[in-house]
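**Q** Structure incoming, see below.
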Amino acid sequence: MTLALYNTLTRRVEPFTPLAAPPARVTLYTCGPTVWNYAHIGNFRTFLFEDLLRRYLAYSGYDVFHIMNLTDVDDRTIKAAAAAGKRLDEHTAPFVQAFFEDRDYLRIAPAHVYPRATQSVPAMVRLVERLLERGIAYKGDDGSIYFAIAKFPTYGRLSRLETRELKVGARVASDEYAKDDPRDFALWKKAEPIDEQVGAAWDAPFGRGRPGWHLECSAMSLEQIGKCCHAETLDIHAGGVDLIFPHHEDEIAQSEAATSKPFARFWVHGEFLNVRGTKMSKRFGNFLTARDLRDQGVDAAAVRLLFWQTHYRKALDFTDDALAAAGAGVKRLGEFYERLGRDGGRGTGDGDGGGAGGGGGRLADLAAKFEADFRAALDDDLNAPRACAALFEFVHNGNAALDGGAGGTAAARAVLDRAMSVLDILPSAKAADPALERWIGERLAARDKARKSKDFKEADRVRAELAAKGVEIEDTPSGTKWRLV
Ligand code: AMP
Ligand code: ZN
């Protein structure tokens with residue numbers, strides 16, 4: 001078996017075949033957060049399903065290059081910055097930082113690059129120019145640049161919406177009369193006073209303005225895969241189902257109209273996290289942030305397991321009871337893992353030959369069966385609920401085997417370690433102490449500030465201060481990581 005994924009483009013589960021066999025490079029682009037505010041755990045359900053996809057691709061032997069953008073200029077960020085009386089970058093910076101902290105709390109593997117919209121404007125301008133040159137974009141009466149849908153015959157292929165519905169999706173009351181066709185969408189919006197006020201306007205040959213949200217993702221993904229892989233086609237593009245239309249439909253139109261190449265081979269979309277049947281959303285006020293959970297002392301492993309227990313293409317209703325049940329599962333798993341280490345460590349005749357038969361290798365046999373079931377489940381369109389069911393069956397039978405003094409613990413632990421490289425749901429080594437975590441976050445910010453102003457003495461002093469409390473830090477391209485030692 002090999003990995004098969006549901007491709008929204010074809011509405012079928014298809015074998016995932018990258019252009020070459022493993023360890024082939026797989027390019028993965030996931031639409032990132034809009035950093036106007038804190039992301040809620042609904043947003044993180046999508047980012048976690050993408051984490052599962054990314055990690056399972058790596059487990060399957062692929063060399064994944066993961067790009068996640070940060071939407072730091074759009075209608076919402078501009079409005080929020082203006083309301084706070086701040087410049088755009090001043091308003092978004094703390095939310096970018098918070099996003100990275102939440103990502104680390106939830107154990108989401110960092111993407112390889114996080115292009116920011118505000119830092120990728122030249123690529124956006126180039127893309128608009130390319131579309132203008134090809135006659136697919138035009139300047140509307142209001143000075144904004146629009147994409148002419150009539151010039152892109154395959155528009156609507158991803159979302160399969162009827163023309164009537166497409167019109168509704170693209171309608172923006174104020175610019176309705178500026179466009180040649182009501183379905184056309186803005187690539188570049190002429191600068192308004194509010195944009196100038198917050199510093200969200202850029203000069204371009206076709207007029208001062210700012211990018212549309214759809215344009216941002218096309219330009220950033222094409223720029224990044226060009227840099228990393230000299231490519232103009234992504235292997236996988238992912239996001240939440242609400243992005244299929246118009247966001248992803250428009251990304252396809254802009255990118256393919258410019259490159260004449262398929263934009264993405266696989267389109268993968270995750271379903272919503274709901275609260276009592278309603279989508280979790282800032283707009284409905286029914287949301288919870290990752291930091292809320294962290295402050296309540298919730299182990300991120302429980303959140304991950306809770307999400308894995310529902311297939312990514314099914315809606316999931318968030319409840320405290322379900323989270324508590326996942327927490328109990330994580331604990332049970334942690335105890336089993338510990339037991340494997342302890343009993344193996346005591347050297348109870350560990351016949352550890354992988355598939356060794358008989359009493360000595362019982363745990364190795366159970367582990368081998370689990371691993372086969374785990375792979376079959378995840379190969380089948382990332383069926384994580386089935387993978388988790390196989391895991392807990394292994395825990396159950398493994399505990400019974402340990403009671404009977406069976407061997408094979410080292411092999412069992414190795415299989416679990418491999419599975420955990422995907423699921424990552426062992427309990428946190430130390431229960432998170434919210435006050436300590438806040439203090440660490442505050443100290444890391446102080447160190448960062450000192451480093452930025454080249455005050456390395458102060459930065460070293462903060463490092464020592466952290467070390468004194470048992471906090472070890474490491475600077476990585478995606479920020480400073482810490483752990484308790
Ligand atoms: P945004 O920050 O609004 O750009 O959204 C970031 C991601 O979160 C997108 O991929 C959305 O599809 C996704 N998203 C938003 N609300 C939910 C939800 N309730 N459940 C799952 N994903 C969501
Ligand atoms: Zn996007």
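The values are calculated or read from the model by the stated rules, or taken from the named source; none is laboratory data. Source: prediction; values computed, not measured. With ideal geometry, Cβ positions are generated from the backbone for all residues, glycine too; neighbour counts draw on all protein chains shown. These area figures cover heavy atoms from the full protein model, side chains too; ligands, DNA and RNA do not enter into them. Shrake-Rupley method; radii C 1.70, N 1.55, O 1.52, S 1.80 Å.
**Q** Please compute the length gained on full extension between residue 315 and residue 63, using 0.36 nm multiplied by the number of residues separating them and subtracting their Cα-Cα distance.
**A** Length difference between fully extended and current span is 87.7 nm.
**Q** Cα atoms only: what Rg and Dmax, in Å, come out for segment 403-485?
**A** In Å, with Rg to one decimal and Dmax whole: 18.3, 62.
**Q** Please report the accessible area of residue 144 (heavy atoms, 1.4 Å probe, ligands and nucleic acids excluded) in Å², nearest 10.
**A** Solvent-accessible area, nearest 10 Å²: 10 Å².
**Q** Which entries in the list 151/189; 139/282; 227/261 go over 24 Å, if you measure between the two C-alpha atoms of each?
**A** Numbers: 151/189 20 Å; 139/282 34 Å; 227/261 17 Å.
From 151/189; 139/282; 227/261, over 24 Å: 139/282.
**Q** Moving to a separate point now. Out of residues 5 or more away from residue 270 or on other chains, whose amide H comes under 5 Å of its own, with H placed 1.01 Å from N in the peptide plane?
**A** When sequence neighbours closer than 5 places are left aside, the close amide H contacts are 239, 240, 241.
**Q** Assign unit charges at the C-beta atoms only (+1 for Lys and Arg, -1 for Asp and Glu), then state the dipole size of segment 4-293 relative to its Cα centre in Debye, rounded to the nearest 20.
**A** Details: 37 positive and 38 negative charges, 110 e Å.
Result for segment 4-293 is approximately 520 debye, rounded to the nearest 20.
**Q** Something else: Give me the one-decimal nm value for the distance between modelled label points at residue 399 and residue 380, 7 Å along each residue's Cα-to-Cβ direction.
**A** Roughly 2.6 nm, to one decimal.
**Q** Starting at the first residue of segment 277-284, write each ³J(HN,Hα) from the Karplus equation 6.51 cos²θ - 1.76 cosθ + 1.60 with θ = phi - 60°, in whole Hz, x for Gly and Pro.
**A** Once θ is set to phi - 60°, the couplings for segment 277-284 become x, 10, 3, 5, 7, 4, 4, 8 Hz.
**Q** While we're on this one: Taking every alpha carbon pair in the chain, what does the distance histogram look like in 10 angstrom bins from 0, in percent?
**A** Histogram of Cα-Cα distances, whole percents per bin: 4, 17, 26, 26, 16, 7, 3, 1, 0.
**Q** For the chain, give the share of DSSP beta bridges that are antiparallel, in percent and rounded to the nearest 5; count only bridges with both residues there.
**A** Counting only bridges with both partners in the chain, antiparallel ones make up about 50 percent.
**Q** Which whole-number value in Å² is the accessible area per residue of segment 209-298, probe 1.4 Å?
**A** On the way: 2960 Å² over 90 residues.
In whole numbers, segment 209-298 has 33 Å² accessible per residue.
**Q** If r is the Cβ-Cβ distance from residue 464 to residue 130 and R0 is 56 Å, what FRET efficiency results, to the nearest 0.05?
**A** Once the sixth-power term is evaluated, E becomes 0.60.
**Q** What is the helix-to-structure angle for 362-379, meaning the angle in degrees between its Cα long axis and the longest Cα principal axis of the chain, kept from 0 to 90 and rounded to the nearest 10?
**A** Compared with the principal axis, the helix lies near 10 degrees.
**Q** Continuing with the same structure: Express in whole angstrom the spacing between the alpha-carbon centres of segment 266-283 and segment 18-85.
**A** Value for the Cα centre distance between the two parts: 15 Å.
**Q** In segment 4-293, what percent of the accessible surface is made up of carbon and sulfur (1.4 Å probe, ligands and nucleic acids excluded)?
**A** Carbon and sulfur: 52 percent of the exposed surface of segment 4-293.
**Q** In nanometres, what is the gap between the two model label sites at residue 119 and residue 97, each 7 Å from Cα along Cα-to-Cβ?
**A** In this crude label model, residue 119 to residue 97 measures out at 1.6 nm.
**Q** Here's another thing I want to ask about it. Taking the Cα atoms only, what angle lies between the long axis of helix 409-423 and the longest principal axis of the chain, rounded to 10 degrees?
**A** 10 degrees
**Q** What is the distance, in nm, between label points placed 7 Å from the Cα along the Cα-to-Cβ direction at residue 276 and at residue 452?
**A** 4.2 nm
**Q** Given +1 on the Cβ of Lys and Arg, -1 on the Cβ of Asp and Glu, and no further charges, what dipole in debye does segment 289-342 carry about its Cα centre, rounded to the nearest 20?
**A** 300 debye
**Q** Can you find, among 255, 148, 8, the residue farthest towards the positive end of the dipole of the chain? Put +1 on the C-beta of Lys and Arg, -1 on that of Asp and Glu.
**A** Going by the charge dipole, the pick is 255.
**Q** Moving to a separate point now. Which value, in debye to the nearest 20, gives the size of the charge dipole of the chain about its Cα centre, when Lys and Arg are +1 and Asp and Glu are -1 at the Cβ?
**A** That gives the chain a dipole magnitude of about 240 debye.
**Q** Over the chain, what is the relative contact order in whole percent, taking alpha-carbon pairs under 8 Å and six or more residues apart?
**A** Numbers: 787 pairs, mean separation 77.0, N = 485.
Over the chain, the number comes to 16 percent.
**Q** Here's another thing I want to ask about it. Ignoring ligands, DNA and RNA, what percent of the 1.4 Å accessible area of segment 434-484 is carbon and sulfur?
**A** Roughly 54 percent of what the probe reaches on segment 434-484 is carbon or sulfur.
**Q** Check which residues have an amide H placed less than 5 Å from residue 280's amide H, if you skip close sequence neighbours.
**A** 273, 274, 275
**Q** Measure nothing but the geometry: give the 0 to 90° angle between the long axis through the Cα atoms of 434-452 and the longest principal axis through the Cα atoms of the chain, rounded to 10°.
**A** Rounded to the nearest ten degrees, it is 50.
**Q** Of the options 92, 416, 43, report the single residue whose Cα projects farthest towards the positive end of the charge dipole of the chain (beta-carbon charges: Lys, Arg +1; Asp, Glu -1).
**A** Sorting the options by dipole projection puts first 92.
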